[in-house]
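Down below is the structure, laid out as structure tokens.
The values are calculated or read from the model by the stated rules, or taken from the named source; none is laboratory data. None of these values were measured; they are calculated from a predicted model. Virtual Cβ from ideal backbone geometry, glycine too; neighbours counted across all protein chains shown.
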Amino acid sequence: ALRAGGAESPSTSETARPEPVAALPTQSDADEPALATRTRPRKRRGLVVAGAAAIFCGGMAIAIIEAVSPSAPREASAAAERAPAPAAATVETPAEVVVEKPSLAQLRARAYEVLAAHLQSPSRRVRRIAALALARVDDQRATDVLQALLGSETSELRKIEIALALAESGDDQARQVLRDGLRSKRRDARLDAATALARLGDDTGRRYLRAMLSIRTHKLGAAAVLAELDDERGLDVLRKALGKRSSPAARMRAAVALGRAGQADAHEVLGEILADGRYQVGAAEALARLGDRRSVPTLVRQLGHSSVRVEAALALRELGVEVELEPLAAALRSGDEVAAVSAAEAVLILVPDQEGGD
């Protein structure tokens with residue numbers, strides 16, 4: 001019998017009768033490739049199955065080797081996990097260091113030391129503000145420094161500031177410097193010189209300030225100084241500026257000047273200004289002058305700023321308010337010379353002299 005394709009069956013015995021089979025269709029040589037193509041996938045599937053079995057067996061073998069191998073990372077990790085954790089090191093906590101706050105007398109003494117030390121500062125500005133602070137508490141150590149600064153000062157405005165401090169201590173030459181300032185080519189220098197003389201009780205300064213009431217750009221500034229001297233002409237200018245027709249800025253300036261002069265006309269407006277915030281610094285001082293304690297929170301905040309802390313300290317002292325002094329004590333220790341000087345002056349203002357001095 002022949003299989004499809006014409007090959008003899010090598011396993012068929014001559015004496016055995018094969019069972020009858022259905023005849024396959026006759027196939028030519030040209031059809032053989034198509035048949036081969038149909039039979040080849042079976043061979044491939046066999047190879048794939050055999051390969052998968054080999055991979056599976058190989059994987060099982062590797063898994064078994066890793067499980068029993070002493071160098072396997074898993075075994076090492078497990079051993080590490082089973083190892084007891086080392087005992088935590090005992091760290092002794094140092095006892096808390098308690099820094100004792102200085103007494104008020106010690107704080108006041110420290111403020112004097114800071115100001116005296118800054119008289120030797122290489123900074124001309126720092127020497128000047130330290131000397132002015134000491135002069136305001138009648139410390140004679142300031143005199144020599146201020147006289148030296150006055151002789152070499154090139155700024156007209158700073159020269160007037162120094163001359164006023166010396167004139168307040170009775171220096172006649174410094175008073176003459178202020179009179180000379182009335183002849184300055186600069187209008188702002190003339191206004192400052194007139195203000196200084198007026199505060200010293202010199203009528204020359206008062207007359208000059210009254211003359212400046214006719215100058216629009218300097219009218220409110222001159223009126224504010226005259227109001228402090230209880231001058232009716234200055235007070236009248238400020239009360240008119242407080243009216244509704246004035247600009248908001250002029251109204252605020254007039255209210256602050258009246259309050260600082262102790263005039264209750266502006267009390268209500270000052271409360272509005274304090275809430276508004278634009279002229280809050282001046283409004284807080286003016287309200288304090290009128291005895292209004294609504295200004296206290298603002299003034300306490302201002303103690304934290306070196307540019308306004310001295311004025312804030314003066315206002316708080318006028319109200320008789322006790323404040324936390326540690327921020328000022330910290331400023332005394334700071335590396336900022338200007339901040340240290342202003343903090344020292346604020347301490348001298350707020351901490352009374354236990355020996356009955358200032």
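Of all the residues in the range 221-230, those that are buried (at least 20 other Cβ atoms within 10 Å of the Cβ) and not small (Gly, Ala, Ser) number 2. The set of residues in the range 143-152 being within 13 Å of residue 174 (Cα to Cα) and surrounded by 15 or more Cβ atoms within 10 Å (Cβ to Cβ) consists of 143, 146, 147, 149, 150. The residue that is nearest to residue 221 (Cα to Cα), counting only those in the range 163-179 that are of a type in the set (Asp, Glu) and surrounded by 14 or more Cβ atoms within 10 Å (Cβ to Cβ), is 168.
Checking the conditions here, which among 227, 255 is at pLDDT 95 or above, under 39 Å from the mean Cα position of the chain (by Cα) and more than 26 Å from residue 167 (Cα to Cα)? Let's see the steps before the verdict.
Details: 227 fails: more than 26 Å from residue 167 (Cα to Cα).
Selected residue: 255, the only one of 227, 255 that is at pLDDT 95 or above, under 39 Å from the mean Cα position of the chain (by Cα) and more than 26 Å from residue 167 (Cα to Cα).
No other residue among 116, 105, 131 is at pLDDT below 95 and assigned to a helix (DSSP H, G or I) apart from 105. For the range 192-219, the set of residues classified as of a type in the set (A, V, I, L, M) and surrounded by fewer than 23 Cβ atoms within 10 Å (Cβ to Cβ) consists of 200, 211, 212, 213, 215, listed by residue number.
Please go through the range 227-254 and pick out each residue that is closer than 12 Å to residue 289 by Cβ and not acidic (Asp, Glu). Working first, answer last.
Going residue by residue through the range 227-254, those that are closer than 12 Å to residue 289 by Cβ are 227-228.
Selection gives 227 alone.
Among the residues of this structure, residue 344 counts as one that is assigned to a helix (DSSP H, G or I) and under 30 Å from residue 107 (Cα atoms).
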